[in-house]
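The values are calculated or read from the model by the stated rules, or taken from the named source; none is laboratory data. These numbers were taken from a predicted model, which means no experiment stands behind them. Here the Cβ positions follow ideal geometry from the backbone for every residue, glycine too, while neighbour counts run over all protein chains shown. For accessibility, only protein heavy atoms count, side chains too; no ligands or nucleic acids. Shrake-Rupley method; radii C 1.70, N 1.55, O 1.52, S 1.80 Å.
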Amino acid sequence: MFLRTQTTGGRTYLLLVENERVDGCIKQRVLHRLGRLDQLQASGQLDSLLASLGRFSDKLAVLGAHDRGESIITHTRSIGPALIFERLWQECGIGAVLDEQLSERRFEFALERAVFMTVLHRLFVSGSDRAAERWMRSQRIAGAEALSLHHLYRAMGFLGAPLAPPGQAKTPAKAPSKASTRPKVSDDARHELRTRKDVIEEALFARRRDLFTDVELVFFDTTSIYFEGEGGQSLGQRGHSKDHRPDLKQMVVGMVLDNAGNPLCSTMWPGNTTDVTSLAPVVKRLQTHFGIQRVCIVADRGMISDTTIADIESRGWLYILGVRMRRTKEARDEVRARAGRFQTVHAKSDAAKAPSPLQVKEVWVEQRRYVVCRNEDRAIKDAHDRLAIVSALVQALQRGDKTLIGNNGFRRFVTGTGSHWRVDEAKVAEEARFDGKWVLRTNTELSARDVALKYKQLWTVEAIFRTMKSQLDTRPIFHKTDDTIRGHVFCSFLALVLRKALQDRLEAKGQGELEWAHVLDDLNGLQEIELTVQGKAYRLRTETKGTLSAVFGACGVALPTTLQPM
């Protein structure tokens, strides 16, 4: 039944009607004529009727009392984050894999819930475990009600704990005394160290892998993350800081993605580990523990050395590696100088969604194959940037500013001694030859075009690292042991797994263009209000807005009803 209006002779009447099926057709049957609408409104009879009907609806009564300020609000929690990512957590198999790891262990708290809550915090706010424990109080996360800070610390230690070698019982590690020195660990020992988070990564891949899983490419990149404190027993070391914080100890984190952009595994080393030594052990692990016997690995500049390439080739793997043009003599003097016609992969276009312009050419030096790439837009930008640096340098030289020699941007373009410095025009001209170009080395049989395009996919990995250090800000890290540090960083890896899972589902529904920040804001804004009206307790859900409809639809999650009795 419902109300409708009917206009006759210039007057509008209010009718109570119902739908009924007659001869296969839906027709309306008038149950009662309530009267002229204007008279009902003027006399207040319509309001009285609605109020009278409202007495028989808990929902309307509670909402009306809440609007009039007659309710008592006892608690407000966000429900959107847990509703969506709990579904993805289970569909990705993370909860099941953790339960398998816990089958022979007994904890007095819900460790799987502690990990889930930490990962959820890493997605929405991030920060330390202490911040996660405070944030948890503002969320409704099933099974996490009894968790406290020391439970989170123990969960991180569980994830990062080393595994005993086969046939050897694991002895608990003793925390070093203040007077003890940091233990020296050989590179081989570091590479062979197996931890619980490694087993979890491999189990997640095994659950996802089937006969149709095609892992033809893996992408690898590294970054450094600095510590607020000492950084554990061995992970915290001083090295080349990509965060420009050489004053702080750091660790090196590596990330591997497959050709679909799914995070495969993460690796962690002490902060003084060089990029060039990190690639070979990753290849060995993928081959030994992931069962990926032959694939093409794509890695950025800094990973290339004769030793690394020989190790990869000995395992039968293909590679596409970036080359440091300025630091590698062969690339700088021979590859770049070789004559040859560039092939256009993507022409320059003014279309908003057009790919960046790209040209390639193949160069062989003895048995070594290189691909030279050129981006016209990047070349123009490089030229403008260099012009700005040289112009600023000329002005600085006119002032006689000796401190300019300490500026890396200026130092490339000056020559002279003592107080007699000038712009080196030859260096400026030489630098122009690098504009918009990069060089790749490969042992694949792919065309030069395909080599360049597959290498460009590596930028997805670099974007993942920016995500991990900003939106999924792993810092600050205050942990003091290697085990808890590994667990803390691993939660960022799991957060990336969930983010990729949600992105895949949105793209499958044609919603891939949604802004990630908007999705997080809208989910966090979906709240549940616990209130009491006339001695009865209810849960009231706030309205859906923004991206929520698309996100819940893509994940197949039903929204809770607006009002629920408790």
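Answer yes or no as to whether Val451 is of a type in the set (Val, Ile, Thr), at pLDDT 80 or above, part of a helix (DSSP H, G or I) and over 35 Å from the mean Cα position of the chain (by Cα). Criteria not met by Val451. Candidates in segment 158-168 are the residues that are open to solvent by less than 80 Å² (accessible area, probe 1.4 Å) and more than 13 Å from Phe109 (Cβ to Cβ); of these, the one that is modelled with the highest pLDDT is Leu159. Against the list (1) open to solvent by less than 40 Å² (accessible area, probe 1.4 Å); (2) among the acidic types (Asp, Glu); (3) in a strand (DSSP E or B), the condition Asp382 fails is (3).
Exactly one residue out of Ile84, Ile94 is buried (at least 20 other Cβ atoms within 10 Å of the Cβ), touching a residue at least 12 places away in the same chain (Cβ under 8 Å) and farther than 24 Å from Ile529 by Cα: that is Ile94.
Selection of segment 315-328 for residues being surrounded by fewer than 16 Cβ atoms within 10 Å (Cβ to Cβ), under 17 Å from Trp438 (Cα atoms) and out of contact with any Phe, Trp or Tyr (no Cβ under 8 Å at 6 or more places or on another chain) yields Arg324, Arg327.
Considering segment 363-377, and only residues there that are under 14 Å from Glu334 (Cβ atoms), charged (D, E, K, R) and touching a residue at least 60 places away in the same chain (Cβ under 8 Å), the residue that is surrounded by the fewest Cβ atoms within 10 Å (Cβ to Cβ) turns out to be Arg368. Just one of (1) surrounded by fewer than 20 Cβ atoms within 10 Å (Cβ to Cβ); (2) modelled with pLDDT under 80 trips up Ser278, so point out which. All conditions are met except number (1). Scanning for something in a helix (DSSP H, G or I), modelled with pLDDT of 90 or more and charged (D, E, K, R), does segment 509-520 turn up at least one residue? No; the residues of segment 509-520 include none that is in a helix (DSSP H, G or I), modelled with pLDDT of 90 or more and charged (D, E, K, R).
Entry remark, segment 278-313: residues being over 21 Å from Leu440 (Cβ atoms) and among the hydroxyl-bearing types (Ser, Thr, Tyr) number 1 in total.
If you go through segment 108-128 and keep only what is surrounded by fewer than 19 Cβ atoms within 10 Å (Cβ to Cβ) and free of Cβ contacts under 8 Å to residues at least 24 places away in the same chain, you end up with Glu108, Val125.
Residues that are in contact with a Ser or Thr (Cβ under 7 Å, 6 or more places away or on another chain), closer than 22 Å to Met268 by Cβ and touching a residue at least 24 places away in the same chain (Cβ under 8 Å) were ranked within segment 130-154; the one that is least open to solvent (accessible area, probe 1.4 Å) is Leu152. For segment 293-314, the set of residues classified as of a type outside the set (Val, Ile, Thr) and either touching a strand residue (DSSP E or B) at 6+ places or on another chain (Cβ under 6 Å) or surrounded by 15 or more Cβ atoms within 10 Å (Cβ to Cβ) (or both) consists of Cys296, Ala299, Asp300, Arg301, Gly302, Met303, Ser305, Asp311, listed by residue number. Criterion applied to Ala339, Ala392, Ala331 was being out of contact with any helix residue (DSSP H, G or I) (no Cβ under 9 Å at 6 or more places or on another chain) and surrounded by 12 or more Cβ atoms within 10 Å (Cβ to Cβ), and the one residue passing it is Ala331. Of all residues in segment 433-461, exactly one satisfies the criterion of being of a type in the set (Ser, Thr, Tyr), open to solvent by 50 Å² or more (accessible area, probe 1.4 Å) and farther than 28 Å from His384 by Cα, namely Ser447.
Within segment 121-136, being touching a Phe, Trp or Tyr at 6+ places or on another chain (Cβ under 6 Å) and closer than 19 Å to Ile79 by Cβ holds for His121, Val125. Within the set Glu530, Glu513, Glu543, the sole residue that is acidic (Asp, Glu) and within 21 Å of Leu120 (Cβ to Cβ) turns out to be Glu530. Restricting segment 508-566 to residues that are polar (S, T, N, Q) and closer than 24 Å to Ala260 by Cβ, the residue that is surrounded by the most Cβ atoms within 10 Å (Cβ to Cβ) is Thr547.
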